[in-house]
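Structure record follows, encoded as structure tokens.
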Amino acid sequence: MELEGTTGLLTGAAGGLGSAMARRLAGDGVRLVLSGRNEAALGELCESLPGEGHAVVTTDLGERDAAKLLIAEAEATAGPIDLLVNNAGIETAGTYHRLEASDIERIVDINLLAPMLLTHAVIPGMLDRGRGHVVQISSAAGFSGLACNEPYAATKGALLRLTEALRATYADQPIGFSAVCPGFTKGDGMYGRMEEEGHHSNVILGTTTVQEVADAVSRSVTDDLAVTICNNRPLRPIAAISVLAPGLGARMLETSGANAVFRRIAAERES
Ligand SMILES: NC(=O)c1ccc[n+]([C@@H]2O[C@H](COP(=O)([O-])OP(=O)(O)OC[C@H]3O[C@@H](n4cnc5c(N)ncnc54)[C@H](OP(=O)(O)O)[C@@H]3O)[C@@H](O)[C@H]2O)c1
């Protein structure tokens, strides 16, 4: 789908990756509805974007009816939604049995249930109008279950399966579905905050930038890409090995230091 002249709904818009996506998509000519909980930050971002007609709709995606209400309010504010970017997400690095059950429910609600319900609510209008695209912001963690990352890996992995199934179901329809999988993203966002706390990726695991992720979102729509992995090291072979030979894949991940990063974060948060 060409982006110029479309209307897009971006969740988690004021976050580290979201604000870079907002700038990129607005630059591509998308009129954006920026969504999140932080009205002041969303308003400031909205004012700073190129182009006209951008709007803010606040919502807490942890609330059960939020997804349905958000699509209705976004369309009432800006008109039919052609592009949905499910970017809002949280992480809960921690030793699994030490997490509260409510932490697990919350991450599933925000990272998985909300994107599924938003996608469900937006498809009928896209089919009626004969155009539309949905991008799920998954993660490199969606390919591999890293230590102390169970809810995050489970929800991000599920977004990949969701995207595959949607592409198969609507293969003969004029609407598209993509997943974008950032690695450790430098510059801003949740990994930026981990770095500020002293937790770093290493040369084997690699990194990406908020700009590369934002560019990948734009390209996944215009080129109808199924899955884009954003990372400056090749993660695709490790993901493939993990599927074909899970024991070997797990040893490679352990050796890479990926598990160690999150074990350290969990230990620090639990101390
Ligand atoms: N940063 C990375 O290294 C990295 C790597 C791989 C994947 N990702 C994925 O990229 C996406 C963006 O991450 P980020 O790094 O930009 O994180 P971030 O800076 O923490 O931003 C997260 C965004 O999600 C929104 N959000 C959180 N809880 C919400 C709720 N209950 N209701 C509505 N919105 C909510 C926040 O909006 P408000 O504060 O306004 O509510 C915020 O804008 C996430 O899905 C994340 O899993 C990030």
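Bear in mind these aren't lab numbers, they're just calculated from the coordinates by the rules spelled out. Keep in mind it's a predicted model, so treat the numbers as computed, not measured. Virtual Cβ from ideal backbone geometry, glycine too; neighbours counted across all protein chains shown.
Couple of notes before you dig in:
- Qualifying residue in region 46-56 (condition: among the acidic types (D, E), surrounded by fewer than 14 Cβ atoms within 10 Å (Cβ to Cβ), within 15 Å of the ligand (Cβ to nearest atom) and outside any loop (DSSP other than H, G, I, E, B)): no
- In region 50-70, the residues that are within 14 Å of T119 (Cα to Cα) form Cβ pairs under 7 Å with partners that are within 12 Å of the ligand (Cβ to nearest atom) and small (G, A, S), at six or more places apart or across chains, as follows: L61/A67; L61/A88; L61/A114; A66/A114; A67/A114; L70/S35.
- Residues satisfying the stated conditions in region 118-139, i.e. assigned to a helix (DSSP H, G or I) and either surrounded by 21 or more Cβ atoms within 10 Å (Cβ to Cβ) or touching a Leu at 6+ places or on another chain (Cβ under 9 Å) (or both): L118, T119, A121, V122, I123, M126
- Criterion: surrounded by 23 or more Cβ atoms within 10 Å (Cβ to Cβ), of a type in the set (G, A, S), within 12 Å of the ligand (Cβ to nearest atom) and touching a residue at least 24 places away in the same chain (Cβ under 8 Å) - qualifying residue of A74, A88: A88
- If you go through region 168-205 and pick out every residue that is within 19 Å of the chain's Cα centre (by Cα), crowded, with 17+ Cβ neighbours inside 10 Å and not in a strand (DSSP E or B), you end up with 7.
- From R106, R23, residue being part of a helix (DSSP H, G or I), basic (K, R), surrounded by fewer than 24 Cβ atoms within 10 Å (Cβ to Cβ) and out of contact with any Gly (no Cβ under 8 Å at 6 or more places or on another chain): R23
- Qualifying residue in region 156-174 (condition: within 12 Å of the ligand (Cβ to nearest atom) and among the β-branched types (V, I, T)): no
- Meets criteria (more than 11 Å from the ligand (Cβ to nearest atom), closer than 25 Å to V243 by Cβ and assigned to a helix (DSSP H, G or I)) for L146: no
Listed here are the residues, each with its yes/no results for (1) within 30 Å of R98 (Cβ to Cβ); (2) in a helix (DSSP H, G or I); (3) in contact (Cβ under 8 Å) with a residue 12 or more places away in the chain.
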site	(1), (2), (3)
L225	no, no, yes
I241	no, yes, no
E254	yes, yes, no
V261	yes, yes, yes
E268	yes, yes, yes
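- Boolean, R219 is under 25 Å from G192 (Cβ atoms) and either over 22 Å from the mean Cα position of the chain (by Cα) or outside any helix (DSSP H, G or I) (or both): no
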